[in-house]
Each structure stands twice: as C-alpha cells, then as structure tokens.
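Coordinate-derived values only; no laboratory data. Only a predicted model underlies this, so the values are computations on that prediction, with no experimental measurement involved. For neighbour counting, all protein chains shown are included, and Cβ atoms are generated from backbone atoms with ideal geometry for every residue, glycine included.
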Amino acid sequence: TINRTHVSLQRKMDKIKELAPSSRVATPHDNVYHSECAYTFHSPYTTEKGILVSLKTFVGTIDSLAPSNDLFVRIVKRRVPKDVPNSTESNSEAPTTLGMGVEGGFAREEDKYDTISTHSIVYKSPEGNLTEFPVVYNSETATISQPSEGERLPEQVLLSAQSILRHAGWAIQQEVQSWQLDQEPIPVSKYAANLPVVNLDKRISPRAQDWKCEKSGATDNLWLNLSDGYIGGGRRNWDGSGGSNGALDHFMETGKLYPLVVKLGTITADIDTADCYSYAPDEDGPVKIPNLIELLEQRGIRIASMYAKLLCIVTSF
C-alpha cells in the first residue's frame, strides 16, 4: 500500500513538472486577483479552504470552479483576536476622538486582530482530484519555501506562487493607476525614431534566470540597452544601495551614443506598460518609445508571440 501511494504521488509530481513551464511570474504590471474569487463572493477569509489562484492566469477561484489539469496557490486567512493580557482602563473607554488608529479614537481591525495565513501549492488532476503541497510564505522577506520533508516542487512553480503572494493585487493597482492619471504624461523620446542599432547578432534569452548585469553579475533591477543589447544594473543610490549602475556606466563608456533602455521584467504583451528610460542629458528620465516593439524584436524578443500566448491562456480558461 505504501509503495502504491508513493507511485501515485510520483505520477502527480511528474505531471506538475510538465505543467511547471506554464506557471508565470507576475510582474507589477500584471493583474493578480488574489483577494477574492472572480466568480463568487468567496475570499481567503470565507472558509477553511480559502481561494485558489491560478499560476497561469492569476485569477482567483474556488475548488469546485477551478479548471482541471492546472496548478494553483491556495490562500487561506483567518483573523484571531490579539492577546492583550494587560489591557489598560483606557482601552475599554468610549472613543473621544473622531478618528481611527489615533489616541482616543476608534480601534482599527488590525489593532484588534492578527491575521493568520496558510498557503499550499495545489494540483487539480484531469479527473478533478486535488493534491496539495504545503509551502511557507515569509511576509517580511516576501519569499516562499517548502518544508524540509516531502517531494520538492519545481523552482518555476515556487517562483510563480511567490510572485502572486507578494503582489499588491488588482484593487491596489486600480488605486495606483487612478493616481498616475493625475500625474504629468511621460514624454516620447526624441531619440527613439533614429536610434542607432548595432550588434544585431546579439539576442536576449527568453529565460529570466539567464539575465544578469554584464558588469557586476547582479540578477535584479536589470535594464536592456536598445541600441546594442547590453544588460546592465539600475542606478546606484547615493548611499550605495540600489542597482549596480551598470546600465548608466555603459552609456557613459560608449560615448553617450546609446541613451535608451528598457527594464527587463516589465516587458509584457501590454507593451505600453514597459518601463523605458533615457539617459540623454536633455531627457534623463522616463520616456515613451513608440517603436519599442521593433527594437525588441531585433534582440529576439517577440511581443506578438507573447500576446498570442496570453490570448490562448485567457480563452482556454
């Protein structure tokens, strides 16, 4: 019986490995629906099963409505009263100030309760059976891990789940977008139309794990130079924090000839959301690049195929 159970689990793990490449890593520009089910009123707090969020579409749902042969991260949350053993007399007094979270005011929900969250990776088989693998999410470091015992999940699956759990979520994104509408529009770079392009044989890998700063080897906050394909780190702050400064140093070292860069990780099927920057002294700030698609395709990054894959995922869901 034990051997039969092991074989069954191994088959499920093999299926998870097959599905792993379809697990996407959410970027700040993706819509992630992890606060409620897209089809019902269920939220992570509603029942002990919480909600399931697809690693492929980032859409929240519940067990019975989740599509089969897919991977999900389960999010379950519950509120428990805070243990305050030495409650002062003032805590029980009626509010004297019209406000929340201030002295003499009304207590906020977070002041009265702690939120306990649990998570797991869920595989739903073609027959509709659910197999769960517990994971631990550290909200302070925004990282996910597996218990030391048990089968090890593919790294891509863990990265996808981690990106969903650390994401701000659709509701907050809508608030940010509303705020951004009130800001000054980002200008179109004057250098985009006639940008010099060299080293056309240099192609960018579609695998994010292959990206690194060509100066320091750093693997985060990376910017692609649209003229020569150089990958460099973002600006270094005055206190030494931030990026490796590789992208800006490259601009200076190449005679200030190649000013336009795009941040890797922000390039999606919605090309208008990509973060672009101009190092040119007369611009030196965020810019719009109307011919960004063409410039990226010269480096092997094909937006059309990204859009086709996204459309296929959405319609199949």
Counting other Cβ atoms within 10 Å of each Cβ, which chymotrypsin sites (Phe, Trp or Tyr not before Pro) in segment 203-258 have at most 11 and sit in a DSSP loop? Trp238
Please enumerate, by chain and number, the lysines with C-alpha under 22 Å from the C-alpha of Lys190, excluding those fewer than 8 residues away in the same chain. Lys256, Lys263, Lys288
What length, rounded to one decimal in nm, is gained on full extension from Val188 through to Thr266, with 0.36 nm per residue of separation minus their alpha-carbon distance? 26.3 nm
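Within 10 Å, count the other beta carbons around each residue, average over each peptide in 34-47, 186-199, and list them highest first. Provide the component values of the computation, followed by the final result.
On the way: 34-47: 16.6, 186-199: 13.9.
With the highest mean Cβ count within 10 Å placed first, the list reads 34-47, 186-199.
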Cα-Cα over 32 Å, subset of Lys15/Lys82; Lys17/Lys49; Lys15/Lys77: Lys15/Lys82
Once label points are set 7 Å from the Cα along Cα→Cβ at both Ser64 and Val25, what is their separation, rounded to one decimal in nm? 3.7 nm
How high is the FRET efficiency from Leu200 to Ser117, r the C-beta distance, R0 45 Å, rounded to 0.05? 0.40
